[in-house]
Amino acid sequence: MNIENNLTQFQLEPERDKPDFFHIMKYTSDGYYAHFHRNSELYCVFEGEVKVSINDETYVLHDGEAVFINSLDLHFYQCDEPAKIGIVLIGYRYMRDFRALFPQDNVPTLLKNVKQNEKFFTLLTELNEKESFSEFEKFSYANLLLHHITNIWGKHEKILT
């Protein structure tokens with residue numbers, strides 16, 4: 001992936017930005033261009049090494065590590081070699097409970113403890129097998145993923161600019 005093109009062609013992804021969008025998938029990736037969306041994203045590395053850039057920060061992730069990308073964060077991924085990754089895109093509608101309970105907080109971004117990440121990596125793998133989700137399942141699984149993450153990593157205070 002050409003980094004110069006990546007940074008000059010960032011874009012909003014409207015097809016992934018619907019309030020009721022809930023999507024899980026595991027796949028082999030060679031990176032992804034700079035983009036942003038209102039919906040939150042859990043990005044997990046199952047195998048390989050990925051450089052993940054979120055706003056002005058770059059993180060290098062390895063097997064079992066993840067990042068949580070909050071709403072409207074500009075982000076992209078770079079891989080020198082293809083990596084096995086998993087993502088969960090959580091529609092804005094399914095983040096409402098978290099935002100109502102914790103209006104001053106965000107989900108933490110960097111999730112690097114492999115052992116502690118096992119619960120949501122396992123859940124992502126199990127849910128990847130499902131072809132569709134009922135509305136109740138979308139709310140339930142989004143909240144369960146957020147519970148696993150914040151139970152381990154806590155919450156981070158929003159920085160207002």
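The values are calculated or read from the model by the stated rules, or taken from the named source; none is laboratory data. The structure displayed is predicted, hence computed values, not measured ones. Virtual Cβ from ideal backbone geometry, glycine too; neighbours counted across all protein chains shown. Side chains are part of the model used for accessible areas, which takes the heavy atoms of the whole protein and leaves out ligands, DNA and RNA. Shrake-Rupley method; radii C 1.70, N 1.55, O 1.52, S 1.80 Å.
Counting only protein heavy atoms and a 1.4 Å probe, the stretch 26-137 has 48 square angstrom of accessible area per residue.
Solvent-accessible area of the stretch 37-117 (1.4 angstrom probe, protein heavy atoms only): carbon and sulfur portion equals 46 percent. Under a Gaussian network description of the chain, with springs only between Cα atoms under 10 Å, the residue in ASP20, ASP63, ASP80 that fluctuates furthest is ASP80.
What Kirkwood hydrodynamic radius, in Å, does the chain give when the mean of 1/r is taken over all pairs of distinct Cα atoms and then inverted? The partial results should precede the final answer.
Numbers: mean 1/r = 0.0630 Å⁻¹.
Value: 15.9 Å, from the Cα pair sum.
If the label point is 7 Å along Cα→Cβ of GLU126, which residues in the stretch 59-90 have backbone nitrogen under 20 Å from it? Zone members listed by number: 64-66, 86-90.
Return the percentage of antiparallel bridges among DSSP beta bridges fully within the chain, rounded to the nearest 5 %.
Values: 36 of 38 bridges.
Within the chain, antiparallel bridges account for around 95 percent of the total.
Pull up the cross-link candidates among the aspartates and glutamates for LYS138, meaning alpha carbon to alpha carbon under 12 Å and not fewer than 8 places away within one chain. Once the sequence-local aspartates and glutamates are set aside, what remains near LYS138 is ASP20.
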